[in-house]
Amino acid sequence: TTFQDGGEEVEDGAVYNVTLKKVQIQQAANKGARWLGGEGDQLPPEHTVRQYETSKIRAIKAGTLEKLVENLLTAFGDADFSYISIFLATYRAFASPRAVLELLLDRFGNLETSSQGEVANLNSLESEMVLRAEIASVLRAWLDQCSEDFREPPDYLCLLKLLHYLKNNMPNSDMESRVQNLLKQFQNQEVEAVDGFCSTSSSDLVDGEELESSNPEEFSSFQDHVVAEQLTYMDVMLFRRVVPYHCLGSIWSQRDKKENKNLAPTVRATITQFNAVTKCVISTILGTRELKIQQRAKIIEKWIHIAHECRILKNFSSLRAIISALQSNSIYRLKTTWMCVSKDILLMYEELSEIFSDHDNYLTSRELLMKEATSKFANLDSSEKENQKKSQKRLQLQKTKGVMQGTVPYLGTFLTDLIMLDTALQDYVEGGLINFEKRRREFEVIAQIKLLQSSCNSYCLIPDQKFIQWFRRQRHLTEEESYKLSREAEAAADTNILSPKSQKSMVKRISTIFLGTDVFTPPKEQTLKSSPVGGSSGESTDSASVSSCEFNHSETEDVCVTPVSSPEDPLKKGSISSDKGSGCSKGSTCDAGSGLDSGSMPCRDSGSVLSSAPRALPVYNRQSEGSCIIRVSMDGLQDSIYKSILITNQDRIPDVTQRALLKHNLEPDAVEDYELVQVISEDKELVFPRDANVFYGMNSHVNFDFILRKRA
């Protein structure tokens, strides 16, 4: 079979793409070979005669609404076999169900009118039967694939119109009884509220129940695999109910308008669940002030194990939610707590984070999703032997029980793709025709969602009411509350690491986690100091501020460890980094660009404890990979009392000034009252304009020493 481009055909109100399909239908011996008694399949090509048949495939490219609806009846004859599915999945972007139904039934499906017109010319009852069969085929596909289009409480006008048509034209047919049953089903079901789809909203609480702060002991009582299974159960129930057309960019992008507050409830419900998981992770880690460092680290470890169980269950939604929570600003900044997390679990966390790396438009997660979309079990590859053993053991247990998994995707990926398609492609082409090529492209994404929804039928999960009730009762912290609790937790932890002995232990601990070695010697300029101000060392006493650096605009004073490595032996392990490529600050959310609701699914946090890319740690006095560390002191104080701040090639003067003020415990709102200057020499300074880019504007050939000075 070969295909050839046949160009375009233009009709009144429609443009078609034409493809010529050439198919071999017969191969026989030629005249000479037959005289010798040879058979066609036993002879070389020069002794055979091939017969081909060429057929024309017409696919509508653009058209008026009338032509697109008419094409529903003729597409099968034009060999455009996927047209009906594509139209039904995407027509809500340019028409209403009522408009399509009226055209289909009144204009093209009116058998009495047809018999006096086109059908009468053929003078054949057969043509009427063909039209009736075509109408029935379209209606059957509509009810099979998009029955939700007819859910219009309380009147159900479209369904009643369809029922009236069937009684007149197809009485006592299976189609008529099916529509009657669907109408009864809709009428018997309670009309659901906007957030009624979400199984985790606080409105679902039983009378007498109240939201409560996280209880670490109760949370610890749930086994890791049980938590993962219950999160998957809730995700599956919601994802299976997602109406695919709710995800279309032209619909989802309109969600923020006041009149559209009830728009796309099934997608909103999925996002609400995603956020509930993220907030649950944060509240269990920070919700109890009395927790010790080791206890808080154990909770982080437990959530990493739960994330791994979600990976085994192929639940990428809750997996992404947990990873996003652990990468949020309030959790990420708990440096002392993270140092108490075991190395093996940190490596597991790094591997799980790699799945959602934003490299090449999230290529890793996309490839993994397509690879496992319809597979029976997860395909787990781990570079860490211990993690590999645990994963294989869990998978083997599932296979022994004969339990198969579906796949729950991170819906934000599809929302992003559909919004990008909606933005990039025009709705109408020349002549005011509806651009149906755009709808074909959108259907490629919609088809993936439908495939994954079908795969979710493979799950066999039983709800655990004890966990579900605990999950619903959790009081979610606001960003302000979580950040305040995070600072309190880290401040309490800092009181235990002020002695030189504990500080050395901390440095060794970080080197063990990130470099995989027990032998570590920090460079001279990064060595922690604890001598008093004006002491013989001449260094700052600012706790750990001499070696502190700021990651991703956090206000904490963090220990920055710079490995000693030669050019021939660069650092190859993951490291603390500040990846600005995401375009989102820590704990922020992606809006239209990611296809998510404002204030909804958090994007991948750029400042993960173990970065997804093997890059060197930023250091003082050297610009590397778009970042570096500068030292900022206050004018009038000793030069040795400074704060080390990490800056990137995206930072401008107001951002750096504000963070420097925070570091020096000054009012951050007073940015306009200060200027930032770089010390070039004893008698020279570089003064920056108010909106300059610090990274590109600074002199990289001298020390990265800056002064914050009040404007004259």
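Taking Cα centroids, how far is the range 435-479 from the range 281-306 in Å?
Cα centres, the range 435-479 to the range 281-306: 27 Å.
If you put +1 on each Lys and Arg Cβ and -1 on each Asp and Glu Cβ, how big is the dipole of the range 622-710 around its Cα centre, in Debye rounded to 20?
240 debye
If I model a spin label as a point 7 Å beyond the Cα along the Cα-Cβ vector, how far apart are those points for S681 and T54 in nm?
Reported label-point gap for S681 and T54 is 8.2 nm.
Test of understanding: what is the full-extension gain from D174 to T423, defined as 0.36 nm times their sequence separation minus their Cα-Cα distance? Let's see the in-between values first.
Details: separation 249, 0.36 × 249 = 89.64 nm, distance 4.23 nm.
Roughly 85.4 nm would be gained on extension.
Of the accessible area of the range 622-710, with the probe set at 1.4 angstrom, what percent is carbon plus sulfur?
44 percent
Can you sort M170, M420 by solvent-accessible area, 1.4 Å probe, largest first?
Most to least solvent-accessible, the answer reads M420, M170.
Extending each Cα 7 Å along its Cβ direction at M129 and Q469, get the distance between those two points in nm, one decimal.
Each label point lies 7 Å from its Cα, and together they span 6.3 nm.
S454 to E290: extension gain in nm, 0.36 nm per residue of separation minus the Cα-Cα distance?
54.5 nm
Kindly list the residues of the range 425-439 that lie in the label zone of T64, defined by a backbone N under 14 Å from the point 7 Å along the Cα-to-C-beta vector.
431-434
In whole Å, what is the distance between the alpha-carbon centres of the range 315-348 and the range 232-269?
28 Å
Let me know the charge dipole size of the range 224-484 about its Cα centre in debye, to the nearest 20, where only the beta-carbon of Lys, Arg (+1) and Asp, Glu (-1) is charged.
Values: 39 positive and 30 negative charges, 214 e Å.
The dipole of the range 224-484 has a size of about 1020 debye.
Please report, in debye to the nearest 20, how large the charge dipole of the range 258-355 is about its Cα centre when each Lys and Arg carries +1 at its beta carbon and each Asp and Glu carries -1 there. All intermediate terms of the calculation are to be shown ahead of the outcome.
Details: 15 positive and 8 negative charges, 77 e Å.
In total the dipole reaches around 360 debye.
At a Förster distance of 25 Å, what's the computed FRET efficiency of L160 paired with S82, Cβ-Cβ distance as r, to 0.05? Before the final figure, lay out each step's value.
Values: r = 30 Å, r/R0 = 1.21.
With R0 = 25 Å, the Cβ-Cβ based efficiency is 0.25.
In the range 622-710, what % of DSSP beta bridges are antiparallel (nearest 5)?
80 percent
How do 654-661, 53-60 rank on mean C-beta neighbours within 10 Å, highest first?
654-661, 53-60
Any idea which of V679, L646, H664 is furthest toward the positive side of the dipole for the range 622-710, if Lys and Arg beta-carbons carry +1 and Asp and Glu beta-carbons -1?
L646
Between Q185 and N703, how many nm apart are label points set 7 Å from Cα along the C-beta direction?
Reported label-point gap for Q185 and N703 is 7.6 nm.
Along the charge dipole of the range 224-484, which of V243, G406, S283 sits closest to the positive end, that is, farthest toward it, with unit charges on the beta carbon of Lys, Arg, Asp and Glu (+1, +1, -1, -1)?
Going by the charge dipole, the pick is S283.
Quick check on packing: order 301-307, 338-344 by the mean number of other C-beta atoms within 10 Å, highest mean leading. It would help to have the intermediate numbers written out before the result.
Numbers: 301-307: 22.4, 338-344: 17.4.
Highest-to-lowest ranking by the protection proxy: 301-307, 338-344.
Could you pull the Rg and Dmax for the range 224-484, using just the Cα atoms, both in Å?
My reading of the Cα-based Rg and Dmax gives 19.7, 69 Å.
The values are calculated or read from the model by the stated rules, or taken from the named source; none is laboratory data. Fair warning: this is a prediction, and the values are worked out from it, not measured in the lab. Ideal geometry is used to build each Cβ from the backbone, glycine not excepted, and the neighbour counts take in all protein chains shown. Note: accessible area is taken over every heavy atom of the protein model, side chains too, but ligands, DNA and RNA are not part of it. Shrake-Rupley method; radii C 1.70, N 1.55, O 1.52, S 1.80 Å.
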